[in-house]
Amino acid sequence: MMAHSLGLSGSVILSDPNKLPDLFTYEMINHIEIGEFPDEAAFHQFLHLKRKENVTYGIHSPLLRNMSKYDLLEKVQFEPEEAWEQFESEVEAMARLGAAYILVHFPYFKEEKDTDTVDIIESGLKKFHQLQERYAIPIVCEPKLGHNRSPFGIQALDRFPLETWNKYGIKLCIDVGDYLLATDSDALNYVKKWRDHIKVVHLHHVEFHGEKYIWVPVHQSYEVIDSHFQIKGLIKQLAKSPDVFFIFEHTPHSKPTRAFVEEGIQWVKELINN
């Protein structure tokens, strides 16, 4: 049987140091993925709590808030060279501190480019491979929407040759919300290609508020509501990859009840175990 893990994201508390203990109170959760701590003291507070609990953890780069989040291929806030230096320092630290993996936004393009992205993406993969070999910690890449929900990064990954990706041993994170926004009903076909490389899945529904949207908890009740994407089939497909961390990544904006969140976790647990 595939040994999937159920994890909770620090996004559910927005990495608030005062709420860190809340992450460890869900019975079905055995993994925490977190990043963007306000400072190093908050990170060490998290490590202290984690050591008392029987859970694994992964880091979602950047480790600290206001550091580079999207800059490895082009400048958004930082020059790429600086972003790579920062990422390497995080990889080294997380390998030393026993993280199960470090996850990074890649590929990320602000907007559509009139250029061949295969070489651009492969240059990043080469660097990831070197870091993964040097520090012996898995690196997981999460393709992201660009500005104004640009699907270009996710489409660029879809065009990337599988045989080239295979050479570098880098795993992928599929963010269900981003993939549905980028590809709509075609999301299933997009993820099938990457079945052997998927290591992390970010789980949440998308709730629209005018032009804006928020991440809300996955829940079976949304499967029959036209205003929400249906994700059951997508989850079942993603569960075909071995040893996946399924991370519940909603934010607190919709003020979900504890019972609602736990019902969604139980629903996903049943889906991936069947």
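The values are calculated or read from the model by the stated rules, or taken from the named source; none is laboratory data. As the structure is a computational prediction, the values presented were derived from the model and not from experiment. Neighbour counts are summed over all protein chains in view; Cβ atoms, including those assigned to glycine, are modelled from backbone coordinates with ideal geometry. Please note that ligands, DNA and RNA were not included when accessible areas were found on the heavy atoms of the full protein model with its side chains. Shrake-Rupley method; radii C 1.70, N 1.55, O 1.52, S 1.80 Å.
Observations, loosely collected:
- If you go through the stretch 112-146 and pick out every residue that is at pLDDT below 95 and either under 21 Å from the mean Cα position of the chain (by Cα) or β-branched (Val, Ile, Thr) (or both), you end up with 1.
- Condition met for Leu64 (surrounded by 15 or more Cβ atoms within 10 Å (Cβ to Cβ), touching a strand residue (DSSP E or B) at 6+ places or on another chain (Cβ under 6 Å) and at pLDDT 95 or above): yes
- Exactly one residue out of Glu111, Glu74 is under 18 Å from Lys144 (Cα atoms), assigned to a loop (DSSP other than H, G, I, E, B) and either of a type in the set (Val, Ile, Thr) or touching a His at 6+ places or on another chain (Cβ under 6 Å) (or both), and it is Glu111.
- Checking Ile225, Ile214 one by one, the residue that is more than 17 Å from the chain's Cα centre (by Cα) and more than 30 Å from Trp165 (Cα to Cα) is Ile225 and no other.
- In the set Lys240, Lys236, Lys255, only one residue is closer than 16 Å to Leu180 by Cβ, open to solvent by 60 Å² or more (accessible area, probe 1.4 Å) and either at pLDDT 95 or above or β-branched (Val, Ile, Thr) (or both); that residue is Lys236.
- Cβ-Cβ contacts under 8 Å between residues 6 or more apart (or on different chains), taken from a first residue in the stretch 80-108 that is free of Cβ contacts under 8 Å to residues at least 12 places away in the same chain and assigned to a helix (DSSP H, G or I) to a second residue that is open to solvent by less than 10 Å² (accessible area, probe 1.4 Å) and charged (D, E, K, R), are listed as Pro80/Asp71.
- Test: Glu122 is touching a residue at least 40 places away in the same chain (Cβ under 8 Å), touching a helix residue (DSSP H, G or I) at 6+ places or on another chain (Cβ under 7 Å), in a helix (DSSP H, G or I) and farther than 14 Å from His60 by Cβ: yes
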